[in-house]
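> Pasting a structure here, questions to come.
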Amino acid sequence: MILYPTKKTAEVFGAPMADSATDPVLTPVINAVLNAEKGNGLQEWGLKLFYLQGKKCLQAIHFASHFTVVLFDVRKADLPETANRIAMTVFDAFDGEPETQEALAGLFRKGPISVWDRLQNKSVLSSLNRNESMLLTNWGFYESFAAKGKLNPKEVHKFINFEYPVSLHFRGSSRYGYTGEVLRELAETV
């Protein structure tokens, strides 16, 4: 899996960028992951830092489907677990769909090592910015997903990916739809 943070996100969290790797053992592994996964979209995620009530959060968008994951209250020490947290959140979003979960598990097994590289995909950057400005930095958006003052991230992900229509460019056509449906279809055809 390749994680592509924005420049600011990489700076704030001190992300271990691929082009800064100097370890003679890790560098060939990082390069192998980049060569195998870069450009296929299935193993690529754009990341952007945003703040919610003074806490650092990460928004992650899957390149191929634009499925969105929001990781709340992220600390620098959490960075090594970012890929695992994304995978578990995606898996959880398809709770009750064992066939899709199995397909997703297969997809994540194909990219078991995560590396960090610079975000250059303008479509993903645009989606990250749109989600942030329209949804993610507005506490009012989250109020309907909070019970007794506690936010339910699973409900946030369900809304963003299965109830919030966006313009999709998928398999040669453009249409409005839901990113969760696109990721389901991609996972089941891989």
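No value in this document is a laboratory result; all are computed from the given coordinates. The shown structure was predicted, so the numbers you read here are calculated from the model rather than taken from an experiment. Note that we place each Cβ from the backbone using ideal geometry, even for glycine, and neighbour counts take in every protein chain shown.
> Rank Ile113, Ile86, Ile160 by mean-square fluctuation in a GNM of the chain with C-alpha springs under 10 angstrom and give only the top-ranked residue.
Sorting by GNM fluctuation, first place goes to Ile113.
> Taking the Cβ of Lys7 as the centre, find all other residues whose Cβ is under 13 Å away and add up their charges (Lys, Arg: +1; Asp, Glu: -1). Don't jump to the answer; show the numbers that get you there.
On the way: positive: Lys8, Lys48, Arg118; negative: Glu11, Asp19, Asp117.
The answer is 0.
> Lys and Arg at +1, Asp and Glu at -1: add these up for the other residues within a Cβ distance under 14 Å of Ala83 and post the number.
Around Ala83, the surrounding residues sum to -2.
> Output ³J(HN,Hα) for region 147-161: one whole-Hz value per residue in order, computed from phi by the Karplus curve 6.51 cos²θ - 1.76 cosθ + 1.60 with θ = phi - 60°, and x for Gly and Pro.
10, 6, x, 10, 6, 9, x, 4, 5, 4, 5, 4, 5, 4, 9
> Let me ask another. Just to verify a number: FRET efficiency for Ala21 and Thr189, C-beta to C-beta distance, R0 = 25 Å, to 0.05?
0.15
> Sticking with this one: Applying a 10 Å radius around every beta-carbon, put 171-178, 1-8 in order of their mean neighbour count, most first.
The peptides rank, most packed first, as 1-8, 171-178.
> With θ taken as phi - 60° and the coefficients 6.51, -1.76 and 1.60, list the Karplus ³J(HN,Hα) couplings across region 4-16 in order, rounded to whole Hz; mark glycine and proline as x.
Ordered by residue, 3J(HN,Hα) equals 10, x, 5, 4, 5, 4, 4, 5, 5, 8, x, 4, x Hz.
> Follow-up question, since we're still on this one. Between Thr68, Thr179, Thr82, where does the largest GNM mean-square fluctuation fall for the chain, given springs only between Cα atoms within less than 10 Å?
Highest fluctuation among the options: Thr82.
> Please report the net charge: other residues with Cβ closer than 10 Å to the Cβ of Val74, K and R +1, D and E -1. Walk me through the numbers before you get to the answer.
Values: positive: Lys55, Lys56, Arg75, Lys76, Arg85; negative: Asp73, Asp78, Glu81.
Surrounding charge for Val74 is +2.
> Taking the structure as given and computing Rg and Dmax of the Cα atoms in Å, which label from (1) 16.9, 58; (2) 18.4, 52; (3) 16.2, 51 fits?
This structure yields the entry labelled (3).
> Going by how many other Cβ atoms sit within 10 Å of their own, how do Val25, Val70 line up, fewest first?
By the 10 Å Cβ count, ascending: Val25, Val70.
> Under 21 Å from the Cα of Lys7, which lysines turn up, not counting those fewer than eight places away in the same chain?
The reachable lysines, counting only those whose Cα sits under 21 Å from Lys7, are Lys38, Lys48, Lys55, Lys56, Lys76, Lys122.
> Another one. Rounded to the nearest 500, what is the chain's calculated 222 nm mean residue ellipticity when only DSSP H runs of at least 4 contribute -39500 (n - 2.57) each, over all residues?
On the way: 8 runs with 79 residues, N = 190.
Counting only the DSSP helices, I get -12000 deg cm²/dmol.
> So, one more: Please list, in order along region 89-96, the HN-Hα scalar couplings obtained from phi with the Karplus expression 6.51 cos²θ - 1.76 cosθ + 1.60 (θ = phi - 60°), rounded to whole Hz, x for Gly and Pro.
5, 4, 4, 5, 5, 9, 4, x
> Beta carbons within 10 angstrom, averaged per residue: use that to sort the peptides 182-190, 43-51, highest first. Present the calculation step by step, with values, prior to reporting the outcome.
Working: 182-190: 18.2, 43-51: 21.6.
Answer by packing, highest mean first, reads 43-51, 182-190.
> Between region 135-190 and region 55-128, how far is it from one alpha carbon centroid to the other, in angstrom?
Taking the Cα centre of each part, region 135-190 and region 55-128 sit 13 Å apart.
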